[in-house]
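Since the structure comes first, as structure tokens, the remarks are kept for the end.
The values are calculated or read from the model by the stated rules, or taken from the named source; none is laboratory data. Quick caveat, the model's predicted, so the values are computed rather than measured. Here the Cβ is made from the backbone with ideal geometry for all residues, glycine too, and neighbour counts use every protein chain on show.
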Amino acid sequence: MNAGLRPDVSPLLGGNAAMGGLISTNTFWTLWLFVHLISALGLLGALTHQAMAVALPVRKPAAGIVSRFRAVPAAGYATAVCVLYVITFVVGSFIYTQYRIAIRIPLEARHYYKTGGFFDFKEHVAVIGLVLLPAYWYFWKNAQNPEYDNARKGVTLVLAVAVWFLFIVGHVLNNTRGFAS
Amino acid sequence: MSATTTESRAAQRTSSLASSRKFKAFATTFSISGPVIYCLIQYFNYPLVTYWPATGRLGWGYEGARPGAGPNMLWYGWTVTTILIASALGIVAMIIPERLTKKIPLWLVWLLPILAVPYIVYSLMYWWRLAAR
């Protein structure tokens, strides 16, 4: 091992010591991955409700489960979506350091190039989603203003597609080399 | 309930930030310029910082490969640079007259992220070439 390498960063680098003597390094990163997953699930649910509400608005009182899914008060989700996106982004940025060493290097060694490429795709899409949040929040907080209807619909659908993409790529990557690997 | 009452209630529900014209200029300029700036920053490779996950070192600007230091990470630097430049443009938009910022088409907020996708796919050609071997 090279001098100066962080012992906690990866089992591949020889570090599998307990974090503060309480949990192992693997458990530490697995817990953060779990926090990332839970916040991503909340974000996915809220944004999918909103996207359905703007793409297929309900004009009659909701009857079935699909109509009720579309009939949520979508404006109320805007702040929660922004908060969840930022939490998911920050936690994902934190565990990215571990990914770069403990996941990506073995992926490349085993020629999982498409998986690695899609993860890089995911990181770029995540930043683009992040910079859309101020306008997204503003349009939803002014939902009573018809001037913003099209922009609000467009940015919500783009964000929803982006978050689904981020979630699916993250899920596939986790299956390739994630929990307990 | 009269239409006036409904409108006034809707207006009351809007926070001061959400009803601010200056915030609108900031938010729309930030979100429109953000995807473009990110693609440019990534293309010209101008990260504010370079992070070395194996050593925990954080260096200013771009730092290339160093023997024994492990891989470098530029994504944090690209992200921070993008946020700073987009914020600066947003602040400029708050300062300039509203008659100018009102002319910015709002559909750019959702169109530019879509247009960024082909460039992102192209920028990852390194991976796709390796995968095609």
Check: Does the stretch A:139-159 contain any residue that is within 15 Å of residue B:79 (Cβ to Cβ) and within 7 Å of chain B (Cβ to nearest Cβ)?
Finding: no
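The rows are residues; the columns are (1) under 23 Å from residue A:30 (Cβ atoms); (2) in a helix (DSSP H, G or I); (3) out of contact with any Phe, Trp or Tyr (no Cβ under 7 Å at 6 or more places or on another chain); (4) of a type in the set (Lys, Arg).
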position	(1), (2), (3), (4)
A:126	yes, yes, no, no
A:133	no, yes, no, no
A:140	no, yes, yes, no
A:149	no, yes, yes, no
A:155	no, yes, no, no
A:160	no, yes, yes, no
A:166	yes, yes, yes, no
A:174	yes, yes, yes, no
Checklist line | Pair list, Cβ < 7 Å and 6+ apart or interchain, from the stretch A:20-32 residues that are closer than 21 Å to residue A:87 by Cβ to residues that are at pLDDT 85 or above | finding: A:29/A:95; A:29/A:98; A:32/A:91; A:32/A:94; A:32/A:95
Margin query: Cβ-Cβ under 8 Å, sequence separation 6+ or interchain: first residue in the stretch B:65-87 and at positive phi, partner buried (at least 21 other Cβ atoms within 10 Å of the Cβ) and of a type in the set (Phe, Trp, Tyr). Which pairs?
Written below: B:70/B:52
Check: What helices (runs of 4 or more DSSP H), lying completely within the stretch B:41-133, carry at least 1 residues that are over 25 Å from residue A:95 (Cβ atoms) and acidic (Asp, Glu)?
Finding: B:98-101
Check: Condition test on residue A:108, is it surrounded by fewer than 23 Cβ atoms within 10 Å (Cβ to Cβ) and either out of contact with any helix residue (DSSP H, G or I) (no Cβ under 6 Å at 6 or more places or on another chain) or more than 7 Å from every other protein chain (Cβ to nearest Cβ) (or both)?
Finding: yes
Notebook entry, point to check: Pick from the stretch A:114-138 the residues that are among the hydroxyl-bearing types (Ser, Thr, Tyr) and without any contact (Cβ under 8 Å) to a residue 60 or more places away in the chain: which of them is nearest to the other protein chains (Cβ to nearest Cβ)?
Noted result: A:138
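If you take the residues in the stretch B:73-104 that are within 9 Å of chain A (Cβ to nearest Cβ) and of a type outside the set (Phe, Trp, Tyr), which one is nearest to residue A:139 (Cα to Cα)? Please lay out each step first, then the result.
So in the stretch B:73-104, the residues within 9 Å of chain A (Cβ to nearest Cβ) come out as B:73, B:75-76, B:78-79, B:82-83, B:86, B:90.
From what's left, of a type outside the set (Phe, Trp, Tyr): B:73, B:79, B:82-83, B:86, B:90.
On the way: B:73: 34, B:79: 24, B:82: 22, B:83: 20, B:86: 18, B:90: 16 Å.
Ranking the candidates gives B:90 first.
Return yes or no: is residue B:112 out of contact with any Ser or Thr (no Cβ under 6 Å at 6 or more places or on another chain) and either away from chain A (no Cβ under 11 Å) or farther than 16 Å from residue A:130 by Cβ (or both)?
Considered against the rule, which asks whether it is out of contact with any Ser or Thr (no Cβ under 6 Å at 6 or more places or on another chain) and either away from chain A (no Cβ under 11 Å) or farther than 16 Å from residue A:130 by Cβ (or both), residue B:112 comes out as no.
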Next item on the list: Select from the stretch B:36-57 the residues that are at pLDDT 95 or above and of a type in the set (Val, Ile, Thr) and list them in ascending order.
Entry: B:36, B:37, B:41, B:49, B:50
Next item on the list: State whether the residues of the stretch A:88-99 include one that is over 24 Å from residue B:116 (Cα atoms) and of a type in the set (S, T, N, Q).
Entry: yes
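Out of A:85, A:96, A:136, A:113, report the one residue that is surrounded by fewer than 22 Cβ atoms within 10 Å (Cβ to Cβ) and touching a Leu at 6+ places or on another chain (Cβ under 7 Å). Explain how you work it out, then say what you get.
On the way: A:85 fails: surrounded by fewer than 22 Cβ atoms within 10 Å (Cβ to Cβ); A:96 fails: touching a Leu at 6+ places or on another chain (Cβ under 7 Å); A:136 fails: surrounded by fewer than 22 Cβ atoms within 10 Å (Cβ to Cβ).
None of the others qualify; the one that does is A:113.
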Next item on the list: Check the stretch B:47-70 and report whether any residue there is closer than 30 Å to residue B:23 by Cβ, within 11 Å of another protein chain (Cβ to nearest Cβ) and either over 22 Å from the mean Cα position of the chain (by Cα) or not acidic (Asp, Glu) (or both).
Entry: no
